[in-house]
Amino acid sequence: MKKILVGLLLTLPLFAINLELKSGFVAAHTEMMMDSTINPKNDALKADISIDNNDITTIKGKFWVEMSLFKSDKSDRDESMYKDVEADKFKLATYTIKSVTKAQGQNSYIIDGVMNFHGKEKQLSAKAEISTVDGSLTINATSMMLMSDYGIKMPCMVFMCVRDRVDLLIKATF
């Protein structure tokens, strides 16, 4: 009996399904007084995500993006951004999911995890809409981070500074 129980416990991880990322992106938004909004986007999102028994609250894994692949509507501003975030030194930003909790509303969840950005790790929560349709799972998540929390000083020109707060939008389809 003991051997059967141990055997069953060892097979529990086999019920987890690795999800294949079909498409995804990370978009960021910040502002500078008296300037247009700043909206870099990275269409090269990568993921290693699993789910147990199609239960959304069991989603675990990691997302990551290469910092040098964020693009906005101004390439010279992008070059400054790469310099400010030291994209040559800190090539990846990663987000590791720790838990997914059901929230109020249909398909509404809170994703808690750890953001590793610019060599620092910080807890980060995201509001997410997670749905399954025709065998695909889609995650639309929003969050906010302060660049100063990661040791980055936003650039200024005379008295106009880029806002420290960056709003994040993450979309992934598996």
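Every number in this text was worked out from the coordinates using simple rules, so none of it is lab data. Computed from a prediction, not measured in an experiment: that's the story for all the values here. Here the Cβ is made from the backbone with ideal geometry for all residues, glycine too, and neighbour counts use every protein chain on show.
Taking 7 Å steps out from each Cα toward its Cβ at Cys161 and Ser99 produces label points 3.5 nm apart.
The label-point distance for Glu129 and Lys74, in a model that sets each label 7 Å from Cα toward Cβ, rounds to 3.1 nm.
Ordering Met32, Leu45, Gln106 by Cα displacement along the dipole of the chain toward the positive end leaves Gln106 in first place; charges were set at the Cβ atoms of Lys, Arg (+1) and Asp, Glu (-1).
For a test of the definition: using alpha carbon positions, the gyration tensor, and the 1.5 limit on a/c, classify region 17-173 as rounded, prolate or oblate. Here region 17-173 falls in the prolate category. Once both labels are positioned 7 Å from their Cα atoms along Cα-to-Cβ, the gap between Asn18 and Lys62 label points is 1.4 nm. Electrostatic tally near Thr173: other residues with Cβ closer than 14 Å to its Cβ, Lys and Arg +1, Asp and Glu -1, net -1.
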